[in-house]
Amino acid sequence: MKRDITVDLGDRSYPIHIGSGNLDSLGTACKAAGLKGRCLIVTDENVAPLYADRAFQSLEKAGFTPVLETLPAGEPTKSQAQLLNLYSKAAAHGLDRHSFMVALGGGVIGDLTGFAAASWLRGIRFVQVPTTLLAMVDSSVGGKTGINIPAGKNLVGAFHQPSLVMLDLNTLKTLPPRELAAGMAEVVKYGVIWDEELFRALEKAAAKFPDIGDLSEIVARCCEIKAEVVRQDEREGGLRSILNFGHTAAHAIENAAGYGRYLHGEAVAIGMVYAAHLSVALKELSVEESARIEKLLAGLSLPVGVPELAWKDIRAAMAVDKKTVGGLPKFVLADRIGHVEFGCEVPEKLLEEVWNGISQ
Ligand code: NAD
Ligand code: GLY
C-alpha cells in the first residue's frame, strides 16, 4: 500500500508519504521536497541499529551529506540538556540555514529534533521519519515541537511544520507490543473525537490484539483526520484542541508519576477514561458509550485506571498544563462517540470525584 496525504497549509503544505519500505526512498523524497546539502539525522539507541543505516544511505545516495546523532531512548531525552547537545552537534557539523534535520524515531525524537530545527539559526527545515505507531498517527504531523522541563510536559516548544513526513509501515514490525498498544491509544482518540466508523472498526480489531495485521488503512485514516484538523486550525485557536482529548489528565499523570513511568499513550488511555466519565456527568455521552471506550482501551492492553497517584499531585500538575487558564483546566468532552466539544470547564469538586472514581 502506498498513499500520499497532503497537509494543506498554503506555502507551508507538505506531504505525508505512507507505505511499506519507504525508508529507502527517504533521499529521493527529500530531494523532491527541495531540500539540499548537509543534514543531521537524530535518532535514539533503539532505532539506530534497526534503521539508521538505511536512512543514512538513502540520503547519501540522493546527494545529501548526512551526519548521525544517536541519543538515549525514552521520554527523559526530551530535555533541555539534549536540546543543547543537538545545538552543539549542529555547530560542530556546520549546519547552516540551508541544512536540515531528520527526526528518525518516535515522538520523543520527533518533538526534540523539531524544536532544535525550529530554533537553530532561528529555524531550519526538518523531516519527520516516525517509527512508532504513536508518532505516525499523531506527533509527526502538525508541527508541534518541544521539550519537557521540570515544571511540566511540553511547556517549551514551537509550531514548526516539517518539510515532509516519511512513514515506513515496515518499521512497526520491530515495535514492542507495549509501544504498539500506546500508539493505539491515540488511534482510539481519533475514533472518539471524529470518526465513529473508525471506533467501530477498532472494536472489531481489538478482539485479536496485538495480532491486528495490516494497520495501513487505520494509520492513513488517522493521518487524514489530523491533516484536516491542522488545516482548519494550525495554531490551536480552537478546533485543534480536540486532539487533546484525554491529554489534560494524561500530562498530569506523566508529570506526577515521573516522566517515563507511564508511556505517553498509556497516560492518554487513562486520561480518556477520565474525560469520558466527565463527559457522562456534564455532556450527552451515555454510560454505555463511556463503557465502550473503556472496554476498547482495556482490550488493547491499555491501563484504564490509576493505582497510586494522589489527587493533590494530579491537580497541581493540571494547573501548569498549557490548556489551563487562571488555574482552571479546560477539557475536551464527548457528546457521543465521534463528536467532542472543546474548552469545557468542569466544577472543581467533580474533577476530584471523577478522579477518585477511576482510581483503583
Ligand atoms: P518514544 O519516542 O519514546 O518511542 C517509544 C520507544 O520505542 C522508544 O524506546 C524507542 O526507542 C522505541 N522505538 C521507536 N521506534 C521503534 C521501532 N520501529 N522498533 C523498535 N523500537 C522502536 O515514544 P512515542 O510514544 O513514539 O512518543 C511519545 C512522545 O510523543 C511524548 O513525548 C509525547 O509528548 C509526544 N507527542 C507529541 C505530539 C505532537 O503533536 N508533537 C503528539 C503526541 C505525542
Ligand atoms: N497531539 C496534539 C496536536 O497535535 O495538536
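Where does helix 196-206 land angle-wise versus the long Cα axis of the chain, in degrees 0 to 90, nearest 10?
So the helix axis and the longest Cα principal axis differ by about 80 degrees.
Using 0.36 nm per residue of separation minus the Cα-Cα distance, give me the extension gain between residue 207 and residue 328 in nm, one decimal.
Numbers: separation 121, 0.36 × 121 = 43.56 nm, distance 3.86 nm.
Here the answer is 39.7 nm.
Based on the Cβ-Cβ distance from residue 91 to residue 45, what FRET efficiency comes out when R0 is 22 Å, to the nearest 0.05? Please report the intermediate quantities before stating the final value.
Details: r = 23 Å, r/R0 = 1.03.
So the FRET efficiency works out to roughly 0.45.
Contour minus end-to-end for residue 287 and residue 61, with contour as 0.36 nm per residue of separation and end-to-end as the Cα-Cα distance?
Working: separation 226, 0.36 × 226 = 81.36 nm, distance 5.62 nm.
Extra length available between residue 287 and residue 61 comes to 75.7 nm.
Could you let me know the centre-to-centre spacing of the stretch 10-64 and the stretch 213-252, using Cα atoms, in angstrom?
For the stretch 10-64 versus the stretch 213-252, the Cα centre distance is 24 Å.
Could you work out how much longer the chain between residue 352 and residue 151 gets when fully extended? Use 0.36 nm per residue separation minus the Cα distance between them, nm to one decimal.
Values: separation 201, 0.36 × 201 = 72.36 nm, distance 2.17 nm.
Answer, rounded to one decimal: 70.2 nm.
As a check on your grasp of the helix formula, calculate [θ] at 222 nm for the chain: sum -39500 (n - 2.57) over DSSP H runs of n ≥ 4, divide by the residue count, round to the nearest 500. Write down the numbers at each step before the final one.
On the way: 12 runs with 150 residues, N = 360.
Helix contribution divided over all residues of the chain: -13000 deg cm²/dmol.
Hand me the trypsin sites (Lys or Arg not before Pro) from the stretch 239-284 located in a DSSP loop with no more than 13 other Cβ atoms within 10 Å, in residue order please.
Details: sites: 240, 261, 283; in loops: 261, 283.
Answer by residue number: 261.
Starting from the Cα of residue 173, draw a straight line to each of the lysines and keep only those under 30 Å, dropping any in the same chain fewer than 8 residues away.
Those lysines meeting the cut-off are 2, 31, 61, 78, 144, 153, 189, 204, 208, 226, 295.
DSSP loop GluC sites (Glu not before Pro) in the stretch 308-360 with at most 10 other Cβ atoms within 10 Å of their Cβ, which ones?
Working: sites: 308, 341, 345, 348, 352, 353; in loops: 308, 345.
In loop regions of the stretch 308-360 (DSSP not H, G, I, E or B), the sparsely surrounded GluC sites (Glu not before Pro) are 308.
Taking the chain as the reference, fit the longest principal axis to its C-alpha atoms, fit the long axis of helix 247-257 to the helix C-alpha atoms, and give the angle between the two in degrees, 0 to 90, nearest 10.
So the inclination is approximately 80 degrees.
If r is the Cβ-Cβ distance from residue 31 to residue 235 and R0 is 41 Å, what FRET efficiency results, to the nearest 0.05? Don't jump to the answer; show the numbers that get you there.
Numbers: r = 30 Å, r/R0 = 0.73.
It comes out at approximately 0.85.
Label residue 158 and residue 298 with points 7 Å out from Cα along Cα→Cβ: what is the distance between them in nm?
Distance between the two pseudo-spin positions: 4.5 nm.
Mind checking Rg over Rh on the stretch 1-111, alpha carbons, Kirkwood formula for Rh? Each step should come with its number before you reach the end.
Details: Rg = 14.3 Å, Rh = 14.8 Å.
With Rg and the Kirkwood Rh in hand, the quotient comes to 0.96.
Quick one: which residues, 5+ away or cross-chain, put their amide H under 5 Å from the amide H of residue 105? H built at 1.01 Å from N.
Under 5 Å from the amide H of residue 105 lie the amide H atoms of 129, 131, each far enough along the sequence or on another chain.
If one takes the longest principal axis of the Cα atoms in the chain, at what angle in degrees, from 0 to 90 and to the nearest 10, does the Cα axis of helix 287-299 lie?
Helix 287-299 sits at roughly 40 degrees to that axis.
Compute the semi-axes of the equivalent ellipsoid of the chain, taking the square root of 5 times each eigenvalue of the Cα gyration tensor, and list them largest first in whole Å. It would help to have the intermediate numbers written out before the result.
On the way: eigenvalues 224, 95, 65 Å².
Each semi-axis is √(5λ); the values are 33, 22, 18 Å.
Normalised radius of gyration for the stretch 214-270, please: alpha carbon Rg relative to 2.2 N^0.38 Å, two decimal places. Walk me through the numbers before you get to the answer.
Numbers: Rg = 13.7 Å, N = 57, 2.2 N^0.38 = 10.2 Å.
Here the Cα radius of gyration is 1.34 times the empirical estimate.
Amide H neighbours of residue 9 under 5 Å, at least 5 residues apart or on other chains, H built in the peptide plane: list them.
14
Give a residue-ordered list of calculated ³J(HN,Hα) values for the stretch 35-44 (Karplus: 6.51 cos²θ - 1.76 cosθ + 1.60, θ = phi - 60°; whole Hz; x for Gly, Pro).
6, 9, x, 7, 9, 9, 8, 10, 8, 10
Determine, from the Cβ-Cβ distance of residue 341 and residue 178 and an R0 of 25 Å, the FRET efficiency 1/(1 + (r/R0)^6), rounded to the nearest 0.05. Don't skip to the end; give the middle numbers.
On the way: r = 32 Å, r/R0 = 1.28.
My answer for the efficiency is 0.20.
All of the numbers you see were taken from the coordinates with simple rules; none came from a lab. Computed from a predicted model, the values in this text were never measured in an experiment. Note that we place each Cβ from the backbone using ideal geometry, even for glycine, and neighbour counts take in every protein chain shown.
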